Structures are given as C-alpha cells and as structure tokens.
Amino acid sequence: MEFDKFHIEGDDGICTVISRELHRYHSVNQYLIDSLMGNYIWFSNPEDFNDPYDCNLDFDFECTRVELEAFFREINNMPENAYRKKSESELQEEITKCVDNPEVLRQRNREQSIDGIKRIGVCCFSEHDDRLLMWSHYGNKHQGACLTFDINEHKELFLQYPYSVEYPQRYPKINWIKERGLFKPFRFEFATKSLEWSYEAEVRIIRNEKNPPYRNEVKFNKKALKAIKFGYKSTAADQISIKETLNKAKGYEHVRFYSAKLKHLDFGIEYEEIFKQ
C-alpha cells in the first residue's frame, strides 16, 4: 500500500507524523559528489549545530522528596546500573544532597546530556523542497541542489529513530523527575527548537552508538534517492556534473532531475524537469 505519511507512536502516547519524502539541501561541491558516489548521507555531531539552544535545553526539576526518591530508586534498580548500584545509605545521602541543593540535580542532568550527545549522530532533513529561506541558508543561496529521498525505500535507515522537530512559542517545560518514557524527554533534548526555526520544517534521523556507524558517513539505498532539484541560480556546469556523477556511480537510473524557477506574481519556487530521457 502506497502512502504519503508515516505515523510513529512514541512511548508517551504522542504520535510523530513524518512525510514519506524528505529533502536535503546542499551546495554543489566535492562533498556532495563524494556522497553520491559513495551513496552515503552525513550524520553530524550535535555539538556542531549553529543554534546555541539546539540539544542544549534545560529540564525542570521541581519535585517533592518522595518523587525524587522514587526516581532515584528506579534509576538505581535498572539492570544496566547493577555494577554500580548504590547502597541504601548512599542513595539517601545523594537524595538529601539534591533536595538541599537543586543545582546538584541540574548538574547531574547536564553531565548525562553531554554524555548522551557524545553517543549519537544526527542527520537533518526538511519536509519541504521549495522554501526560499532553506535554499538561501542551506542551498548555497539558490546555487546548490536539493536531494529528495523516499524513506519507504530504506525504512531501516530513515525510520529507526525519526523525530519531527517541534517549535514551541514558549520555552517548553519538561520535568526530568516526573516525566516517564524515553520518547518525550529524548524529543525535548534533541528535537525541540525555537519558533524562529520553524521555516525549516525539520525532520531528524538519529543514530546511536549501538548501531554503528552513528556519525559521519552512513550508507543509503540508492533506490531511496528519487530526485535532485537544482536551485534557480545553479549553473548548467554544476547540473551536468551531478548528472554525470550519478551516471558514473550507477544504480541511480531512476533519479529525476529538476531545475527551480521563480513563480510569477507570487513569492515561491516551482520546478521543471530537465535531462528527460
């Protein structure tokens, strides 16, 4: 059955809806050529992102001692913590320390977040291929290219940990102690940005250290690349270069090519197909 949207249910009951086609804007350069030849996409280190709040949001820690104790016991009893399980006296000492000074709890969370960031890689896409600002900021001022992927052709890659980025009007409040389930806090940490970034309509695919490689070059099925769209300021030389790269790489015979042009009497972009067979 063919469909245009994927629905991914989180363990907090919230469903993420992701478009079947995702888009990645690029400059036309050797990096793009290499990625097409090697059929890989680049998973970045979140510490390199250009938004200072990206993957750097603060949790809320308001709670009672009873709630804090229940949380610490839950963490202490996790199987992965068996080798470093605290005694009752150690547990009570840590709880008292956090109750007396909430900043201790905040610092502990910050250390865990930093450690978590070191263990993931992120690849960013947009649900739109025709955003003027996306072309300006990520498509080399309309001189680059936009790659369109059909995630249905490589579900193992695109649907492992997909997150549709949220853009709240106000700074979101997520309680680190009271929230349950992995999905909501994870989405808060790694897929929540200021409303100012909403034009990106971003979808993030996240990989972790349990599924290497989780950073840098990660292979995609060539069938997943459906189209390459060139910015309206792109050159004929760049267009031909990318077309020849795909011919040389083989396996991309199904890919269609388009060139952008500005709409008349309206702000926007439309595409016309080029290199027709």
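The values are calculated or read from the model by the stated rules, or taken from the named source; none is laboratory data. None of these values were measured; they are calculated from a predicted model. Neighbour counts are summed over all protein chains in view; Cβ atoms, including those assigned to glycine, are modelled from backbone coordinates with ideal geometry. For the accessible areas, the whole protein counts, side chains as well, though only heavy atoms, and no ligand, DNA or RNA atoms are used. Shrake-Rupley method; radii C 1.70, N 1.55, O 1.52, S 1.80 Å.
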What are the pairs with Cβ atoms under 9 angstrom where one residue, in region 99-125, is farther than 17 Å from Y53 by Cα and among the charged types (D, E, K, R) and the other, located anywhere, is open to solvent by 70 Å² or more (accessible area, probe 1.4 Å) and modelled with pLDDT of 85 or more? Sequence gap at least six, or different chains. R119/E209; R119/K210
Exactly one of these conditions fails for P52: (1) surrounded by 11 or more Cβ atoms within 10 Å (Cβ to Cβ); (2) at pLDDT 90 or above. Give me its number. (1)
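Residues checked against (1) free of Cβ contacts under 8 Å to residues at least 40 places away in the same chain; (2) within 23 Å of the chain's Cα centre (by Cα):
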position: I33; (1), (2): no, yes
position: N45; (1), (2): no, yes
position: D48; (1), (2): yes, yes
position: Y53; (1), (2): no, yes
position: F59; (1), (2): no, yes
position: E67; (1), (2): no, no
position: R73; (1), (2): yes, no
Run down S194, S164 and say which single residue is under 27 Å from C63 (Cβ atoms) and either open to solvent by 20 Å² or more (accessible area, probe 1.4 Å) or hydroxyl-bearing (S, T, Y) (or both). S194
So, of the residues in region 147-172 that are over 12 Å from the mean Cα position of the chain (by Cα) and hydrophobic (A, V, I, L, M, F, W, C), which turns out to be nearest to L225 (Cα to Cα)? F149
Which of the residues belonging to region 89-106 are under 28 Å from E47 (Cβ atoms) and exposed (fewer than 12 other Cβ atoms within 10 Å of the Cβ)? N101, E103
Starting from region 84-98, keep only residues that are modelled with pLDDT under 90, then list their pairs with residues that are exposed (fewer than 12 other Cβ atoms within 10 Å of the Cβ) and assigned to a helix (DSSP H, G or I) whose Cβ atoms are within a distance under 8 Å, requiring at least 6 positions of separation or different chains. I95/R65
Kindly evaluate L159 against the criterion of being of a type in the set (A, V, I, L, M), in contact (Cβ under 8 Å) with a residue 40 or more places away in the chain, closer than 22 Å to W42 by Cα and open to solvent by 10 Å² or more (accessible area, probe 1.4 Å). yes
Tell me which residues, restricted to region 246-277, are out of contact with any Asp or Glu (no Cβ under 9 Å at 6 or more places or on another chain) and assigned to a helix (DSSP H, G or I). K248, A249
Scan region 247-262 for residues that are in contact with a strand residue (DSSP E or B) (Cβ under 8 Å, 6 or more places away or on another chain) and either within 17 Å of G139 (Cβ to Cβ) or in contact (Cβ under 8 Å) with a residue 40 or more places away in the chain (or both) and jot them down. Y252, F257, Y258, S259, A260, K261, L262
If I filter region 254-270 down to residues being over 27 Å from the mean Cα position of the chain (by Cα) and of a type in the set (A, V, I, L, M), which single residue comes out as least open to solvent (accessible area, probe 1.4 Å)? L262
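Listed here are the residues, each with its yes/no results for (1) at pLDDT below 95; (2) surrounded by fewer than 16 Cβ atoms within 10 Å (Cβ to Cβ); (3) closer than 16 Å to S27 by Cα.
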position	(1), (2), (3)
I206	yes, no, no
N211	yes, yes, no
F220	no, no, no
I228	no, no, yes
A237	no, yes, yes
K243	no, no, yes
N247	no, yes, no
Y252	no, no, no
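Test E273 against the criterion of being over 27 Å from the mean Cα position of the chain (by Cα), within 25 Å of S19 (Cα to Cα), loosely packed, with under 13 Cβ neighbours inside 10 Å and at pLDDT 95 or above, and give yes or no.
In short, yes.
Given the criteria charged (D, E, K, R) and touching a residue at least 60 places away in the same chain (Cβ under 8 Å), does R204 qualify?
Values: charged (D, E, K, R): yes; touching a residue at least 60 places away in the same chain (Cβ under 8 Å): yes.
Against the criterion (charged (D, E, K, R) and touching a residue at least 60 places away in the same chain (Cβ under 8 Å)), R204 qualifies.
Return yes or no: is I41 surrounded by 11 or more Cβ atoms within 10 Å (Cβ to Cβ), touching a residue at least 24 places away in the same chain (Cβ under 8 Å), under 30 Å from K223 (Cα atoms) and touching a Pro at 6+ places or on another chain (Cβ under 6 Å)?
When the stated conditions are applied, I41 does not pass them.
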With D129, D150 as the choices, which residue is open to solvent by less than 70 Å² (accessible area, probe 1.4 Å) and in contact with a Cys (Cβ under 6 Å, 6 or more places away or on another chain)? D129
